[in-house]
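Bear in mind these aren't lab numbers, they're just calculated from the coordinates by the rules spelled out. All values reported here derive from a predicted model rather than from experimental measurement. Cβ placement follows ideal geometry from the backbone for every residue including glycine, while neighbour counts extend to all protein chains displayed.
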Amino acid sequence: MTEAQWESLCDGCGRCCLVKLEDEDNGKILYTDVGCTLFDADTCKCSDYTNRQKKVNDCVRLTPDTVRNLGWLPKTCAYRLVAEGKSLAPWHRLISGSETSVHEAGISVRGRISGSEDDTSIEDQISRIVSWPNQWPKKSK
C-alpha cells in the first residue's frame, strides 16, 4: 500500500484526536470529549497535520506497524479495521463516495467536543470522560 493509499484510510472522524487518559489503577484508556490542541472541531481535521508531531509531543503517527500495537484506537477506526482484516464501515468515504457520510452517520466528533486541551485542566479533562468514542453507532453494527 502506498503512503497516499494508507492516508486515504482515515475517515475523518476525529476520534483518535480526542484527549485520552490512562487509569493509573488498571491501565485502561479513557476517552474524553476534549480535542487535541491542533484539532479543528468544525472540520474534524488537524489544523497542522504536516507538523503535528513536532508541535504535539504525544501525537502518534499511524502506520501499518503502529496501528497493530495501539489498543486505544477506536473500534470504528478504519486503520484498525484494516489491520484486523475487517471491511471498512459503510460510512467510510471510500465506500460511500461522500466526504460527509462519516458525519451523517454520527461517527465523527463534530458537535461533540467540549473544548481544546489548551483550555482545560487535567481535573476538567477527568470530568469530561465519555464512552461513545469507542462504540459503534446503534444503526451501523
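Things worth noting here:
- Inter-probe distance in nm under a simple model that places probes 7 Å from Cα toward Cβ, at residue 69 and residue 47: 3.1 nm
- Contact order normalised by residue count of segment 1-135, Cα under 8 Å, 6+ apart, percent: 35 percent
- Charge sum, other residues only, whose C-beta stays under 9 Å from residue 101's C-beta, Lys/Arg counted +1 and Asp/Glu -1: -2
- Mean sequence separation of contacting Cα pairs (under 8 Å, at least six apart), scaled by the length of segment 88-141, corresponds to a relative contact order of 26 percent.
- Nonlocal Lys pairs with alpha-carbon distance under 18 Å, the chain (8 or more apart, or different chains): 12
- Inter-site label distance for residue 4 and residue 57 at 7 Å from Cα along Cβ, in nm: 3.6 nm
- Of the two radii for segment 1-130, the radius of gyration is 0.95 times the Kirkwood radius, both from the alpha carbons; that is the Rg over Rh value.
- Estimated distance in nm for a label pair at residue 129 and residue 23, the labels positioned 7 Å out from Cα along Cα-to-Cβ: 0.6 nm
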